[in-house]
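Input: a single structure, listed below in structure tokens.
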Amino acid sequence: MSIELITNILAATVVAGTPLLIVALGELICERSGVLNLGQEGMMLIGAVAGFIAVLTTGSLTIGVIAAMAAGVAMALLFALMAVTLAANQYAAGLALTIFGTGLSAFIGAGYVGKTIDGFTKLAIPGLSDIPVLGPVLFNQDLLVYVSLGLFVAVYVFLRHSRGGLLLRAVGESPDSANANGLPVMLIRYLAVSFGGAMAGLAGAYLSLAYTPLWTEGMTAGRGWIALALVVFATWRPERVLLGAYLFGVASILHLVLQGFGWDSSTELLAMLPYVVTIVVLVLLSSNPTRTRLHTPLSLGQPYRPGR
Amino acid sequence: MLSLERRPVDSKTMTYASPVLALVLTIVTGFLIFLGLDRDPIEGLRHFFITPINSSYGWAELGLKMAPLLLCAAGLTICYRAKLWNIGAEGHFLMGAVGASIVALQPGGGSGFWILPLVLLAGVAFGALWAAIAAFLKTHFHCNEILTTIMLNYIALNLLLYGVHGPLKDPYGFSFPQSAMFGDSALLPMLIPGTRLHIGLLFAVLAAVIVGVLFARTFIGFQLKVLGEDEQAAAFAGFPRKKLIWFAFLVAGGMAGLAGASEVTGPIGQLVPQVSPGYGYTAIIVVFLGRMKAVGIILASALLALTFLGGEMMQISMNLPKAMTGLFQGLLLFYLLTCDAFIHYRVRWIGSRPAVAKITLAGQEG
């Protein structure tokens, strides 16, 4: 393998890992508040289609990204209404969001299949992009890759070193005592769920505006679900989300890697790999249930009603 | 301000009113969608819900779409009653179709009466085997079944695609990704001559009856119910948790696998990539809408079968996207869960004295 090939593979890994990183950071914040939102796939699809249509009609990538994030938040608010306000079963509400989002995005996007837009292009950072290997991998990417890395830093600092992060974790660990201490539990959960929606929308926009600048039905191909596994993999810590996202990124471009080695296998079998890797990772992580339980936000998945 | 208050006892009326209310709200929303699309809403709703079934052929088509939904939903009901969130019916279904096709496409099979049962059994076995992976991962590695079954769905789809592009591909098929047509002895007999309705519908109704009897009459059904309602009570009673999980997953997989086998040996007659328009996912809605009861899921599967026909009708007669199906299904589930909240809660007006209201709330918690 030449150095050039390795560089190309690493650069492709970052691109493939970016939507996973964005959506998983959103879900991480959401789950840290004690809310499990299984609707990531649905919110991503809505974000992808909203962003694509916005760019197609206005020609502005900025408006596309804003539209995608707004659509993600709108979906997240529907979920919050069910799962936070009405205290519905979070599993069922999340599934409903995914089924609804899949159907709605296919409906809205039906007239836009096959259309093309000018998506995000590579943006080399002067100087830094000339560094061998590292330069092309990290500093010659599209704008959203840089945004995703900025988001990672922001989430990391927020969770570890800010008062807001402390409040968020308090709500996720024990909403009752958070409430007793005068914290607005419902409001914090609404904000956390909305942030998750905005991130899922952005991740969807990454797919339809940068990764492959077009819209096809169900184009997220399970990435929302993989992100959910990724948060478990990361044991709810942002630095491991970053690592995991790129690890899954490798899995989803493995067919390119193998072709680089001169392997020639069926595309359909290679396309299974990210899902197989997800299962293997789940097995490795879940086999010790006490370890997982140690890191899980204590109130995760349990609806909360104030005044109890 | 308005506030939600937990009811002392769950509302029985709401349990049954909620699906009806959800359907009404879905239809109202559909009305508004047609208005928004600048179409006559009455005509739109009529084309979606009534035109598909205003002939006897239409009813047969309804039964045809209902069979796979009901089979998948019957299996999922067993899992969901025990709070095992198996989302894998789509994967079980696809593997059932693949398994049945492998047997049906064996060369030199001849034309014995035993071929069809063998083909169907292969579907059941493949579906059950696929579900067994998730059961194994849950009982031995504590893997979350939602994530594993979803991943297995994607893997099953890729295996099916591999099959129709590779070893199961029709050598004389002009390079279309599909298998050869099955022989006559591997095809399901028709239920009503002159239509496409085959005996798969009987399998489905039988499956629903089995589920009903399982929970009403058998000890294992009781154990599954207890496991779902209170896992600690089930453990305390000494119920075999792992065995119950295996049972629920294997039966669910077998039933969905039979649904897959019935599709390839029924209306399609060969293995094609589009063997399922999402039956396995729609079956999840069927289970919730049908209140996890035998009669309920039969009615719910008929309604959701209608959404598939309605979507096709939209495309043909109103030139609207077929994706209307998914939209209506999503709306229905969304409204159902929202209405379901009022089984446990009621809306109360809390007036100017919040302190008193708070005490009442706490007092009624029970």
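The values are calculated or read from the model by the stated rules, or taken from the named source; none is laboratory data. All figures in this text were calculated on a predicted structure; none of them were measured in a lab. So basically every Cβ, Gly included, is an ideal-geometry build from the backbone, and we count neighbours across all protein chains shown. Protein only, heavy atoms only, side chains kept; ligands, DNA and RNA dropped before computing areas. Shrake-Rupley method; radii C 1.70, N 1.55, O 1.52, S 1.80 Å.
Please work out if B:Gly63 is crowded, with 16+ Cβ neighbours inside 10 Å, at negative phi, at pLDDT 95 or above and not aliphatic (A, V, I, L, M).
Yes.
Looking only at helices (runs of 4 or more DSSP H) that fall completely inside region A:193-304, which ones have 3 or more residues that are in contact with a Gly (Cβ under 9 Å, 6 or more places away or on another chain) and within 11 Å of another protein chain (Cβ to nearest Cβ)?
A:223-233, A:273-286
Can you pull out every residue in region B:175-217 that is of a type outside the set (A, V, I, L, M, F, W, C) and open to solvent by less than 50 Å² (accessible area, probe 1.4 Å)?
If the condition is that a residue be of a type outside the set (A, V, I, L, M, F, W, C) and open to solvent by less than 50 Å² (accessible area, probe 1.4 Å), then B:Pro177, B:Ser179, B:Gly183, B:Ser185, B:Thr195, B:His198, B:Gly200, B:Gly212 are the ones that fit.
Taking interchain pairs and intrachain pairs at least six residues apart, which have beta carbon atoms under 9 angstrom, with the first residue in region B:124-145 and among the charged types (D, E, K, R) and the second open to solvent by 50 Å² or more (accessible area, probe 1.4 Å)?
B:Lys138/B:Asn144; B:Lys138/B:Lys242
Taking B:Pro277, is it farther than 15 Å from B:Gly127 by Cα, in a loop (DSSP other than H, G, I, E, B) and in contact (Cβ under 8 Å) with a residue 60 or more places away in the chain?
When the stated conditions are applied, B:Pro277 does not pass them.
Just give me the residues in region A:227-263 being at pLDDT below 90 and hydroxyl-bearing (Ser, Thr, Tyr), in sequence order.
The answer is A:Thr235, A:Ser252.
Consider A:Val84 carefully, then state whether it is touching a helix residue (DSSP H, G or I) at 6+ places or on another chain (Cβ under 6 Å), modelled with pLDDT under 95, of a type in the set (Val, Ile, Thr) and farther than 23 Å from A:Thr216 by Cβ.
The answer is yes for A:Val84.
Out of all the residues in region A:130-186, which are of a type in the set (S, T, N, Q), buried (at least 16 other Cβ atoms within 10 Å of the Cβ) and farther than 18 Å from A:Met199 by Cβ?
A:Asn140, A:Gln141, A:Ser174, A:Asn179
Just give me the residues in region B:188-226 being within 16 Å of B:Thr265 (Cα to Cα) and at pLDDT 95 or above, in sequence order.
B:Leu201, B:Leu202, B:Phe203, B:Ala204
List the number of the failed condition for B:Val286; all other conditions in (1) over 30 Å from B:His165 (Cα atoms); (2) open to solvent by 10 Å² or more (accessible area, probe 1.4 Å); (3) at pLDDT 95 or above; (4) of a type in the set (Val, Ile, Thr) hold.
(2)
Looking at this structure, is A:Gly119 open to solvent by 30 Å² or more (accessible area, probe 1.4 Å), modelled with pLDDT under 90, more than 7 Å from every other protein chain (Cβ to nearest Cβ) and more than 30 Å from A:Arg305 (Cβ to Cβ)? Outline the logic, then answer.
On the way: open to solvent by 30 Å² or more (accessible area, probe 1.4 Å): no; modelled with pLDDT under 90: yes; more than 7 Å from every other protein chain (Cβ to nearest Cβ): yes; more than 30 Å from A:Arg305 (Cβ to Cβ): yes.
So A:Gly119 does not fit the description; no.
Residues that are modelled with pLDDT of 90 or more, at least 3 per element: which helices (runs of 4 or more DSSP H) completely within region B:294-366 meet that?
Numbers: elements: B:294-317, B:324-344, B:354-363.
In region B:294-366, B:294-317, B:324-344 are the helices (runs of 4 or more DSSP H) which contain 3 or more residues that are modelled with pLDDT of 90 or more.
Would it be correct to say that A:Phe158 is hydrophobic (A, V, I, L, M, F, W, C), in contact with a helix residue (DSSP H, G or I) (Cβ under 8 Å, 6 or more places away or on another chain) and modelled with pLDDT of 95 or more? Write out each step before concluding.
Details: hydrophobic (A, V, I, L, M, F, W, C): yes; in contact with a helix residue (DSSP H, G or I) (Cβ under 8 Å, 6 or more places away or on another chain): yes; modelled with pLDDT of 95 or more: yes.
Taking the combined requirement at face value, the residue satisfies it.
Could you tell me whether any residue of region A:120-137 is of a type outside the set (S, T, N, Q), in a helix (DSSP H, G or I) and under 21 Å from the mean Cα position of the chain (by Cα)?
yes
Can you confirm whether region A:93-114 contains a residue that is part of a loop (DSSP other than H, G, I, E, B) and within 9 Å of another protein chain (Cβ to nearest Cβ)?
Looking for residues that are part of a loop (DSSP other than H, G, I, E, B) and within 9 Å of another protein chain (Cβ to nearest Cβ), one finds none in region A:93-114, hence no.
Considering only region B:85-104, I want to know if a residue exists there that is charged (D, E, K, R), under 19 Å from B:Phe288 (Cβ atoms), in contact with a helix residue (DSSP H, G or I) (Cβ under 6 Å, 6 or more places away or on another chain) and outside any helix (DSSP H, G or I).
No: region B:85-104 contains no residue that is charged (D, E, K, R), under 19 Å from B:Phe288 (Cβ atoms), in contact with a helix residue (DSSP H, G or I) (Cβ under 6 Å, 6 or more places away or on another chain) and outside any helix (DSSP H, G or I).
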